[in-house]
Amino acid sequence: MHTLWELRETFRCAILNRKTDSFSDIAQEVVSFAVHGSPSNKEFYPVLLLVDDYEDEESISILQNSIQSAIAERHIRFEKPVVIILNCVRSQNPEQSAKSNCTSSIALTYKLSAEEQREFVRKLKEIEKQHDHPDNFYSFMIMKSNFDKTYIEKIVRNTLKGLNNASKTTYLISILALLNKYVIDSTISASKCEEFLGITPKKTYWHQESIEDTIGSYSTILIRTKVEEYGKYEGLRIIHPLIARQCIEELKSTYNIQQSSIMLKLLQTNEFHDTGIGREILMRDMQSMLITRHRKEHGDETDTLFSPLMEEIEKAEGSSKVEIVLKEGTMRFNQNPFIFQALARHFYIREKNFTDALDWAKKAERIAPTNSFILDTLGQVYKCKLKAMMDEIKKDNPISPEELDNLLKMSSTASEAFKKCQEQTEKTETERPEYESSKARHHNVYNTAGYLGQIEVCLYTVDILLYIPGLKSNDILARKHLRQYLSGRWDISVDNTNKDYKFKNVLSDHRPFLIKLKSCLKQQFDFFQDYFVYMKQKAVNKESTEFKIRDRVSDYRKKYNRHFYDYDLMQITNEEDQTKKSNSLQKEEYRACLEKYKVDRFSGILEYLTGHGKEAEMESIVKAYTYLLENSTNKSDMLLKDRQNFILANIVLHCISPKSTAIKQVEILEKHLKDILSIIGLDHKYPEPYFLASLLFWPQHLQKLDCNSKHIADYVISMKKSFRGNYRHMCNAKQPLAHFYLGKNGGLRRLIHRGKIDQNFSEMPISELNSLWLNGDIWKEKVIKELLLLVSGRAEDNMIYVECSDGINIPVRPVYLGQLRSGKSIERVTFYLGFSIDGLIAYNVEVV
């Protein structure tokens, strides 16, 4: 605020604290503010925009892109910024938050410098001359005391002295304090407070009765404030968040008023829930207090399993109080499935009471049968119950057929629940409820929990089968039999005893589920492979969470490989006696190894671009695909997939080890690709062949297209179409990642991957290098100008077109839509070209 005041002569200053408006509407207002009063609508006065507590980088990025689009729509030309965003985020640990943020951040802490303290002393003297009770200026006095905790404790203790535990005044103060402790700037409308206190619109002989008159000296810690959401009205809140927090401590220690009793009072008091002004915000804030967890990916300092209020009640008062409060919440908000979900999570996580957990999870599902987060909780209850059953079985040796049957039934049920969760995740673009906190509502997420849960259940099921007599040992033959059984090829042989026949009957009953275990696991791992490799998170602060998921998936993948694969790719591609084996056996070994190394998929091969010391593995992969192609006897879809993977493997090997003798000539790769494209045409379901076409057939000379390049525009359009058909549901939370950039050389040498660029910054700390990529400054570096080719194009209608001979225009999407003007404006631009699986991307777009 001081910065805005000091710079008011240089900038037009504005504060954005509305969180309910759309970003596009806000952007239009900001740009209108910039051009208002200018000689023409294309000139502007720069705006300094203070964004008050949006908490997350994603929202700021969306706002920034919306402003850029609004600027483009107005056809505003600029050399200096039109808008400068100053994002102010409240934090309990600002110094740590500033360090963890990749962008430029400054920590403003609860600490005054010596000079600032002297200024506050001088200012107090001025206030004392003008006001009779300057001590009641609590926010000012708290800052003057340098946020001294003892001073705040003294204020609260003296103000609340003599409270009557049973009075409505006490309950109103406690309710406001609880709200302001957990929800920043939360208010209750003054009219609802008057109704609660029993204040009628009658006048005394000197003036109309007020809240301040009714509660007396306690009103000094309250403040009236204007609220603009859902209609303008006057709200009441605690004057300072530190005072609100201390009020809760004082109420608990001196008056034995616990947080659970305050929340119950708030839930049970009808005056606060009756129709009236301010009701919507209060209902939203109350529900947020019950369900909204802290998450680092949302800008919080810590991750919590439950909402901070529920966590504190659990710690101070016990889990039974949490149960009481949440049950009251389900009665008050009986159509909010997430409170039912919170109860289910409480029972299975805290209480290990799976019966009650299942009951509440099913109630949540009945309210929201298509919400993937709710369905995931149902699956988690089944999964945790399965694990508990397994832990019990381990104490008994050996397992009985009846126990095996119960375990497999639970596995199948849990697997089905996670499958439903996945189906709904793929159907739904956004599931954030309106009653979540503003912080959570601004976040777009893709719910991967169902895929992860499915992996865990399937791996548990394999562990269950290892309980069976005869499979418990680490005997290689026994493991092979299990592997063959799970592939559907063999049955598990048992002795001719009655008990063993019971085992066989149980396995027979569950055979349809069991023989799909491997394919089910493979499907989940394939999903994560594409999810991690093809796209990146839109919000930087979500990346740490994704890294954790990656680590878990990696650990599960290692366990999966131990269960289902024996062969080592590098070993079999270098064995001299391979010729002694039958052709079919060699093919089987190669395919098993490619699956094990995750390179049976296009995305798995791309992942090697970021691997260090993987050159030998990549050579083995090229050799394996070379063998499969040379010994192929059909032209099936498998052959098409082998050929495209063979092409990509050679490209990747060239990038990470350009001197390798295993790399095939580019003419061979082009021939394979032409054969693929002639078979699939322009309507193939998957984007990978078109991605390869964009890499290999990018025109060497734009004004002289060869036979390979003349359809490049069609391939790019087909690639984007097929990508969106397969991955549209993920694009709300993630964005396509460029795996290659166009360099200045010819052939495969013109394909530059990020690793080659990063090698030129080896002496720079990783955090600084990541920051260069994040804020786009990397494109200004000298090494980029030396490595990459600057491409020219025509910008029109939020797209760039690279103009070639014969009237062919290759479409390229700017990395930020706001970089271009909208409408019919046509401009010449230059940019660096990136190749993603979603199409071509333009970086560092500049008007010529």
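Return one number: the angle in degrees, 0 to 90 and rounded to the nearest 10, between the long axis of the Cα atoms of helix 354-367 and the longest principal axis of the Cα atoms of the chain.
Here the helix axis deviates by roughly 90 degrees.
What's the magnitude of the charge dipole for the chain around its Cα centre, counting Lys and Arg as +1 and Asp and Glu as -1 at the beta-carbon? Answer in Debye, nearest 20.
My answer is approximately 920 debye.
Under a Cβ-Cβ cut-off of 14 Å, what is the net charge of the residues other than Leu772 that fall near it, where Lys and Arg count +1 and Asp and Glu count -1?
Overall, the nearby charge balance is -2.
Using protein chains only and a probe of 1.4 angstrom, how many square angstrom of Phe147 are accessible, to the nearest 10?
Looks like 40 Å² after rounding.
If we sort 31-40, 521-530, 372-381, 696-705 on the protection proxy, mean other Cβ atoms within 10 Å, highest first, what's the order?
Ranking, from highest mean packing down: 372-381, 521-530, 696-705, 31-40.
Pairs of alpha-carbon atoms within less than 8 angstrom and 6+ residues apart define the contacts here; what relative contact order does the stretch 277-351 have, in percent?
The normalised contact order for the stretch 277-351 reaches 22 percent.
Placing +1 on the Cβ of each Lys and Arg and -1 on the Cβ of each Asp and Glu in the chain, which of Ala166, Phe723, Gln246 has its Cα farthest towards the positive end of the resulting dipole?
Positive-most Cα among the choices belongs to Phe723.
Over the chain, what is the percentage of antiparallel beta bridges among all DSSP beta bridges, to the nearest 5?
In the chain, approximately 75 percent of DSSP beta bridges are antiparallel ones.
Would you mind telling me the share, in percent, of accessible area of the chain contributed by carbon and sulfur at probe 1.4 angstrom? The partial results should precede the final answer.
Details: 20090 of 41230 Å².
Here it works out to 49 percent.
Kindly express, to the nearest 10 degrees and within the range 0 to 90, the angle between helix 23-35's C-alpha long axis and the longest C-alpha principal axis of the chain.
Roughly 70 degrees, rounded to the nearest 10.
Per residue of the stretch 369-386, in order, report the coupling 6.51 cos²θ - 1.76 cosθ + 1.60 (Karplus, θ = phi - 60°) as ³J(HN,Hα) in whole Hz, putting x for Gly and Pro.
Once rounded to whole Hz, the list reads x, 10, 8, 5, 5, 5, 5, 5, 4, 4, x, 5, 4, 4, 5, 5, 5, 4.
Holding the Cα-Cα limit at 22 Å, pick out from Lys181/Lys321; Lys362/Lys734; Lys720/Lys785; Lys154/Lys321; Lys596/Lys664 the pairs that are longer than that. Don't jump to the answer; show the numbers that get you there.
Details: Lys181/Lys321 19 Å; Lys362/Lys734 31 Å; Lys720/Lys785 28 Å; Lys154/Lys321 30 Å; Lys596/Lys664 24 Å.
Distance filter (> 22 Å) returns Lys362/Lys734; Lys720/Lys785; Lys154/Lys321; Lys596/Lys664.
Heads up, I need the accessible area for Tyr230: 1.4 angstrom probe, whole protein in place, Å², nearest 10.
Roll a 1.4 Å probe over it and Tyr230 shows about 130 Å².
Which Cα, out of Tyr534, Ile374, Asn574, lies furthest along the positive dipole direction of the chain (beta carbon charges, K/R +1, D/E -1)?
Selected residue: Asn574.
So what is the relative contact order of the chain, in percent, for Cα pairs below 8 Å that sit 6 or more residues apart?
Numbers: 1157 pairs, mean separation 77.1, N = 848.
Rounded, it is 9 percent for the chain.
How much accessible area does Leu629 have with a 1.4 Å probe, in Å² rounded to the nearest 10?
The accessible area of Leu629 comes to roughly 30 Å².
Residue by residue, what Karplus-based ³J(HN,Hα) values in Hz, rounded to whole numbers, does the stretch 500-515 have, using 6.51, -1.76 and 1.60 with θ = phi - 60° and x for Gly and Pro?
3J(HN,Hα) across the stretch 500-515, in whole Hz: 5, 5, 5, 4, 5, 5, 4, 5, 5, 4, 9, 4, x, 6, 5, 6.
Going by alpha carbons, how many degrees (0 to 90, nearest 10) lie between the helix axis of 319-332 and the longest principal axis of the chain?
80 degrees
Checking a compactness column here: for the stretch 150-196, what do you get for Rg(Cα) / (2.2 N^0.38 Å), N being the number of residues?
Rg over 2.2 N^0.38 Å, computed on Cα atoms: 1.27.
Could you give the dipole magnitude of the stretch 246-390 about its Cα centre, charging the beta-carbon of Lys and Arg +1 and that of Asp and Glu -1, in debye to the nearest 20?
600 debye
With θ set to phi - 60° and the Karplus curve 6.51 cos²θ - 1.76 cosθ + 1.60, what are the ³J(HN,Hα) couplings of the stretch 799-815 in order, to the nearest whole Hz, using x for Gly and Pro?
For the stretch 799-815, the Karplus curve yields 9, 10, 10, 8, 8, 10, 5, 6, x, 7, 10, 8, x, 10, 9, x, 4 Hz.
How would Val51, Val121, Val83 rank on accessible area, largest to smallest, probe 1.4 Å?
Val121, Val83, Val51
Keeping all protein chains in place and using 1.4 angstrom, which order do Ser487, Ser678 fall into by accessible surface area, from largest down?
Ranked from most to least accessible, the order is Ser678, Ser487.
Between Cys707, Leu751, Ser603, whose Cα lies farthest towards the positive end of the dipole of the chain when Lys and Arg beta carbons carry +1 and Asp and Glu beta carbons carry -1, centred on the Cα centre?
In the chain, that residue is Cys707.
The values are calculated or read from the model by the stated rules, or taken from the named source; none is laboratory data. Just so it is clear, the model here is predicted, and its values are computed rather than measured. So basically every Cβ, Gly included, is an ideal-geometry build from the backbone, and we count neighbours across all protein chains shown. Keep in mind that these areas ignore ligands, DNA and RNA; they rest on the heavy atoms of the full protein, side chains included. Shrake-Rupley method; radii C 1.70, N 1.55, O 1.52, S 1.80 Å.
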